[in-house]
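Enquirer: Before we start, here is the structure in question, set down as structure tokens.
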Amino acid sequence: MLINVNYMKFEKNEGKLDRILRLVFGALLVGWGIYTANWWGLLGLILIVTGITGYCSLYPILGINTVSVKKK
């Protein structure tokens, strides 16, 4: 049985600066969580994953898109 995953294609909705900030703050948050032995540092993984993929699932709900449109 084959599974149709075409509905799972997500367009990137994070711009370059947004992605960089997510990766930096995510790494800092994970590092802080490890340093303080606090599980809240795991929330940094969410920022890292969204920074790598370029897609934030909350942005469509909030009507946000930080990808810049290139002019021709």
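The values are calculated or read from the model by the stated rules, or taken from the named source; none is laboratory data. Just so we're clear, the structure is a prediction, and the values are computed from it rather than from any experiment. All Cβ positions, glycine included, derive from the backbone under ideal geometry; neighbour counts span all protein chains shown.
Enquirer: Check the stretch 52-65 and report whether any residue there is aromatic (F, W, Y), touching a residue at least 40 places away in the same chain (Cβ under 8 Å) and in a helix (DSSP H, G or I).
Expert: yes
Enquirer: How many of the residues in the stretch 24-65 are under 14 Å from E11 (Cβ atoms), crowded, with 16+ Cβ neighbours inside 10 Å and of a type in the set (V, I, T)?
Expert: 1
Enquirer: Next question, about the same structure. With (1) hydroxyl-bearing (S, T, Y); (2) modelled with pLDDT of 95 or more; (3) under 10 Å from the mean Cα position of the chain (by Cα) as the list, and S57 as the residue in question, which single condition is left unmet?
Expert: For S57, the exception is condition (2).
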